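Novice: Here you go, one structure.
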Amino acid sequence: MPKLKHIMFSRLYIDKLLKGEKRLTIRARRPNLKPGDIALVHSQGMIFGKVRILSVKAKRLRDISEEEAAQDGFKSVDELKAALKKHYPHLRDDSYVYVVGFEWVERYDPPLAEEEHSWPYALTPAEVAQLALTSGVELSEEGKEIPGLLAKEKSIRRAAVKLGGLSLRPLVRGVVRRVALELERRGLLKRALPS
């Protein structure tokens with residue numbers, strides 16, 4: 001079975017996404033997606049279901065059509081461009097963007113907490129970070145900064161943004177997983193019992 005991919009959406013778009021008004025997303029960076037991929041839909045620490053990727057096309061921002069704007073849940077190209085520039089302030093009309101078409105395969109009702117899907121511990125990642133800071137486990141400088149930020153922000157996404165951007169989520173996840181394994185090795189953290 002192919003590995004599931006992941007696609008993140010701002011909370012601003014979840015309602016349109018769930019109503020089927022958003023069937024396309026435009027990204028400033030080349031997504032790690034290709035037609036036929038199945039991706040988990042993430043927002044606000046929740047997984048809303050799975051989508052099948054139908055298309056991934058590179059084009060200049062100025063070439064986005066009214067039809068694409070409508071499929072992305074916007075009333076006009078101008079409204080879409082204004083929203084994109086809030087997410088990606090560096091975008092210009094001649095910038096390349098990636099237009100990703102998708103369809104729902106499965107919706108989770110209610111949505112799953114991300115931790116329920118892939119996190120094996122009874123504590124959330126933020127709680128594990130807090131435990132690491134208070135348990136006396138020796139942490140490197142990186143190992144102190146990231147758990148401290150995660151414990152404060154209570155979200156991998158927000159911690160990554162504070163560190164410098166969403167692209168740093170894998171770093172935050174990696175550090176908290178290493179910390180969790182060390183806490184587990186020392187007997188300070190237990191895995192959740194299978195339900």
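Novice: If you check LYS144 against the conditions, is it among the basic types (Lys, Arg), modelled with pLDDT of 90 or more and under 30 Å from HIS87 (Cα atoms)?
Specialist: Working: among the basic types (Lys, Arg): yes; modelled with pLDDT of 90 or more: no; under 30 Å from HIS87 (Cα atoms): yes.
No: the conditions fail for LYS144.
Novice: Still on this structure: Residues ASP72, ASP78: which one is acidic (Asp, Glu), modelled with pLDDT of 95 or more and closer than 24 Å to ARG157 by Cβ? Even if it seems obvious, please write down each step before you answer.
Specialist: Working: ASP78 fails: closer than 24 Å to ARG157 by Cβ.
Sole residue among the options that is acidic (Asp, Glu), modelled with pLDDT of 95 or more and closer than 24 Å to ARG157 by Cβ: ASP72.
Novice: Residues of the range 22-32 being modelled with pLDDT under 95 and not basic (Lys, Arg), which ones?
Specialist: Matches in the range 22-32: ALA28, PRO31, ASN32.
Novice: Next up: What pairs come out if I take residues in the range 154-171 that are farther than 11 Å from GLN44 by Cα and modelled with pLDDT under 80 and pair them with residues that are among the basic types (Lys, Arg) and part of a helix (DSSP H, G or I) whose C-beta lies under 8 Å away, six or more apart or interchain?
Specialist: LEU166/ARG157; ARG169/ARG157
Novice: Checking the structure you have, find out if any residue of the range 173-193 is over 26 Å from HIS87 (Cα atoms), modelled with pLDDT under 80 and not aromatic (Phe, Trp, Tyr).
Specialist: Yes, there is a match, as at least one residue in the range 173-193 is over 26 Å from HIS87 (Cα atoms), modelled with pLDDT under 80 and not aromatic (Phe, Trp, Tyr).
Novice: Now for a different question. Taking GLY49 as meeting all but one of (1) in a helix (DSSP H, G or I); (2) modelled with pLDDT under 95, write down the number of the exception.
Specialist: Result: GLY49 fails condition (1) only.
Novice: Would a scan of the range 24-36 turn up a residue that is assigned to a strand (DSSP E or B), closer than 12 Å to GLY101 by Cα and within 14 Å of the chain's Cα centre (by Cα)?
Specialist: yes
Novice: Ok, one more. So, in the range 106-141, of the ones that are among the polar types (S, T, N, Q) and modelled with pLDDT under 85, which residue ends up nearest to the chain's Cα centre (by Cα)?
Specialist: Checking each candidate, the answer is SER118.
The values are calculated or read from the model by the stated rules, or taken from the named source; none is laboratory data. This structure is a prediction, so every number in the text was calculated from the model and none was measured. We place every Cβ from the backbone using ideal geometry, glycine too, and count neighbours over all the protein chains shown.
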